[in-house]
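First comes the structure, then the notes that go with it.
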Amino acid sequence: MSSSTVRSPLFFLTLLAAVVLASFYLRIQFDFNTGHMDEYDYLFVGKRLLSGETWPSYSYIFGSDFNWYLLGWGEKNLGGLSGARIVAGVFGLLSLLGVYWLAYSLWQRHLTAVIATALLSIQPIQLFISRFATYDIISFACFSLALAPLFLACTQTGRKKYGYLLISIAFMSLAITSKYVVILYLPVIAGLAFLYNRKVGFIFGSAVGLVLLIYVSVHWVSLQTLYQVQIVGVHGSGNSSAEHIIEIVSTYLFALAVAWLIAVIWSVRLQPKRFWQQASFKKLLLLLFLAFPMVAYHWQALNMIALYKHLVYASFFLVLAMAWLFTSFLESESFPRLKQGLAMCALIAISQVSYQQLKTIESGYANVSSVIEYSKDDLTAKDSILSEDPYLFRYLGEATIPQSQIKESGWLDNNLDGKHEQQDVIDAVWDTKFEYVFLNDQLHPELNIKLRNILETKKYKSLVDEAYENSNVMSRQVTGRLSLYQRAQPPKVSFGVNE
C-alpha cells in the first residue's frame, strides 16, 4: 500500500470528527421538546419507587423497575425531565462503546471500529432515544455491550472466554428484562453462538433463559395482566398496515440497506473466486440477518407502536457493514483521493438526511409546555383530574394529589360495572365530577368532540386551547388540540361516589 493511500483517509477522518462533534452537540440538547406521555409515565413511577411507594408497573409496562430507579434518580438529582434525559444520554454513549467493541472484534481494525461508532452516533433514532427518558436506550446499550464479549467467548480459548461469556450473559439478561421485546434476539444470537461454539452457545442460551424464568416466576401475576391487556389487546389489534410499516422502515433504513448491498458487491469484487467462502462476505450476510428480527415482528403483527425506536437495532448492525465498506473503499490503492472525496460526499449526505429525520422525530408529539405552566403550581390535594394523558398529571401532582383522584379518559369505570366505556366518560363529564379535564386528541379524538361540547355547556373554564400538528413518526393522529379545562361550578355528583 502506498504512503499516499495511508495518508489520504486523514481528510475523511477530519470530516468524520467534525460530524461526531456536531452529533455530540445535538446529543446534549435535552430540552428539544417537553416530555412525551411515556416519559412522564416512567418518571412518575421512578418518583414513587424512590419515595418508598409502590405502583403496579409490571402489569402494564414492558420493562423492569430497574429502568425507573435509574431514570428517577436522574430526575431527582440532575434536574427533572432533563436530568432523566441525561441518564439516557449516558446509556447512549455506552451503546456507542458497544458498537466500537463489536466492530473491532469482527474486523480487527480500529479504523473500521471508529467509523462504525461515528456512523451510529449520527443515526437519528440512536441519537433521539439517547435523549429520551425511556427504557429503550437502557436496553439497547446493554444489548450492544453483550455482543462483543459473546463473540470473543466463541472465538477465544482458555479460561478467559468464560469471563467474556459471563459479561455477555449479564448484559443480555439486563437488555431483555429492561425491555421485553429484545427477547426476539435471544434465540437468534444463542443459535448463532451454538453453531460457532456449541458449549458457549448452550451455556449462553441456558443461563439467560434461566434468568428470564426466575424473572417471570417472581412477576407472574403482573405479567399475566400485561399479556392480556397490552399484548393481546393494544399490540395485538393490528394498528397499522403493511404499506405503512414499509414506509417507516424504508424511511430510516434505505440508505443503510443500499450501503450493505454495495458492501456485498465490493466484497465480491475484492475476492471474486469462491466469494461465498470469504470471511467478509459471510459477515455481511450475518449482519443483514441480525438487522431484521424486529422488523419481521412488526411486519407480522402489523404493529407500528414503537417501530421507529426498534429500528435502532437494524441500524446497529447495518452501520457495521457500512463501516467496513468505507474502510475498504478508502484503503484501496487505485484513485485514493477520488475515493476519499466520494466517501466525504457520502458522509455529508448521510449526516444531512439524519439531521432532517431527527428533527422530524422530535416533532412527533405535541409540546405541552402551556399545560404544564397552568398546572404545575396550582394543583392541590383536593383536585380531581380527568386526563387523556393521565401520567402528565400523575407526574406533576405526584407529591400533591392522591393518585386515586387522577383518572384516564381512556380507562374510566364511572358506573362501577367493571367496564371502561366511552359512555362512562361522557356521564362523568356531564356530572362535572372533575376539577380539571385535559384532552389532547391522541387516543379518542372523535369522543373529544362530544366532550368539548359538554364542557362548554357545563361552563368549564378554558385554560388552554392550542392547536398542534405533529409528524407521523409516533402516531397516525398528527393534528389535534390541547385543551385544559377547569370546573366553574360545584360537581353535580361528588367525586368520591365513583372513586
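The values are calculated or read from the model by the stated rules, or taken from the named source; none is laboratory data. These figures come from a predicted structure and were not determined experimentally. All Cβ positions, glycine included, derive from the backbone under ideal geometry; neighbour counts span all protein chains shown. For the accessible areas, the whole protein counts, side chains as well, though only heavy atoms, and no ligand, DNA or RNA atoms are used. Shrake-Rupley method; radii C 1.70, N 1.55, O 1.52, S 1.80 Å.
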### Task
Within the range 381-399, track down each residue that is in a loop (DSSP other than H, G, I, E, B) and open to solvent by less than 60 Å² (accessible area, probe 1.4 Å).
A381, D383, S384, E388, D389, G397, E398
#### Entry: Scope the range 366-380; condition open to solvent by less than 50 Å² (accessible area, probe 1.4 Å) and assigned to a helix (DSSP H, G or I); matching residues
S370, V371, I372, S375
### Query
Just one of I183, I176 is under 23 Å from the mean Cα position of the chain (by Cα) and open to solvent by less than 40 Å² (accessible area, probe 1.4 Å); which is it?
I176
### Query
Just checking, which of L93, L106 is in contact with a Leu (Cβ under 7 Å, 6 or more places away or on another chain), open to solvent by 10 Å² or more (accessible area, probe 1.4 Å) and in contact (Cβ under 8 Å) with a residue 24 or more places away in the chain?
L106
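Here is a yes/no grid of residues against (1) of a type in the set (K, R); (2) touching a residue at least 12 places away in the same chain (Cβ under 8 Å):
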site	(1), (2)
T380	no, yes
I385	no, yes
E388	no, yes
Y391	no, yes
K407	yes, yes
D417	no, no
D431	no, yes
N440	no, yes
### Query
All but one of (1) aliphatic (A, V, I, L, M); (2) more than 20 Å from E75 (Cα to Cα); (3) touching a Ser or Thr at 6+ places or on another chain (Cβ under 9 Å) hold for V353; which doesn't?
(3)
### Summary
Going through (1) over 30 Å from M304 (Cα atoms); (2) at pLDDT 95 or above; (3) open to solvent by less than 30 Å² (accessible area, probe 1.4 Å); (4) of a type outside the set (S, T, Y) one by one, V437 fails only at (1)
### Complete set of residues in the range 337-375 that are among the β-branched types (V, I, T) and touching a Leu at 6+ places or on another chain (Cβ under 8 Å)
I348, I350, V368, V371, I372
### Message
Within the range 419-429, take every residue that is without any contact (Cβ under 8 Å) to a residue 60 or more places away in the chain and open to solvent by less than 10 Å² (accessible area, probe 1.4 Å) and give me the one that is nearest to L447 (Cα to Cα).
### Response
V425
### Query
Any residue at all in the range 250-272 that is loosely packed, with under 12 Cβ neighbours inside 10 Å and small (G, A, S)?
yes
### Query
When residues of the range 90-147 are filtered for being over 23 Å from A18 (Cβ atoms) and not in a helix (DSSP H, G or I), how many remain?
4
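So for the range 341-354 (the condition being closer than 30 Å to G80 by Cβ, surrounded by 14 or more Cβ atoms within 10 Å (Cβ to Cβ) and in contact with a helix residue (DSSP H, G or I) (Cβ under 7 Å, 6 or more places away or on another chain)), does at least one residue qualify?
For the range 341-354, residues closer than 30 Å to G80 by Cβ, surrounded by 14 or more Cβ atoms within 10 Å (Cβ to Cβ) and in contact with a helix residue (DSSP H, G or I) (Cβ under 7 Å, 6 or more places away or on another chain): present.
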### Message
So if I check each of V87, V19, which one is crowded, with 16+ Cβ neighbours inside 10 Å and closer than 24 Å to V182 by Cβ?
### Response
V87
### Residues of the range 152-173 that turn out to be over 20 Å from V211 (Cβ atoms), open to solvent by 60 Å² or more (accessible area, probe 1.4 Å) and either modelled with pLDDT of 95 or more or not polar (S, T, N, Q) (or both), as a count
2
### Query
For the range 226-249, what are the residues that are surrounded by fewer than 12 Cβ atoms within 10 Å (Cβ to Cβ) and among the β-branched types (V, I, T)?
V232
## Note on the structure
Those residues of the range 315-345 that are part of a helix (DSSP H, G or I) and either within 27 Å of the chain's Cα centre (by Cα) or hydroxyl-bearing (S, T, Y) (or both) come to a total of 12
### Message
Can you say whether F32 is more than 20 Å from E398 (Cβ to Cβ) and surrounded by fewer than 17 Cβ atoms within 10 Å (Cβ to Cβ), as far as the supplied structure shows?
### Response
yes
### Extreme residue, surrounded by the most Cβ atoms within 10 Å (Cβ to Cβ), among residues of the range 282-313 that are touching an Asp or Glu at 6+ places or on another chain (Cβ under 9 Å) and on the phi < 0 side of the Ramachandran plot
V312
### Message
out of contact with any His (no Cβ under 7 Å at 6 or more places or on another chain) and at pLDDT below 95: is that true of K273 in this structure?
### Response
yes
## Note on the structure
Conditions (1) closer than 28 Å to N470 by Cβ; (2) outside any loop (DSSP other than H, G, I, E, B) -> D441 fails only (2)
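Conditions (1) in contact with a Gly (Cβ under 9 Å, 6 or more places away or on another chain); (2) of a type outside the set (A, V, I, L, M); (3) under 30 Å from F329 (Cα atoms); (4) outside any helix (DSSP H, G or I), marked per residue:
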| site | (1), (2), (3), (4) |
| --- | --- |
| L15 | no, no, yes, no |
| A22 | no, no, yes, no |
| F32 | no, yes, no, yes |
| D38 | no, yes, no, no |
| G46 | yes, yes, no, no |
| G52 | no, yes, no, yes |
| N67 | yes, yes, no, no |
| G74 | yes, yes, no, no |
| N77 | yes, yes, no, no |
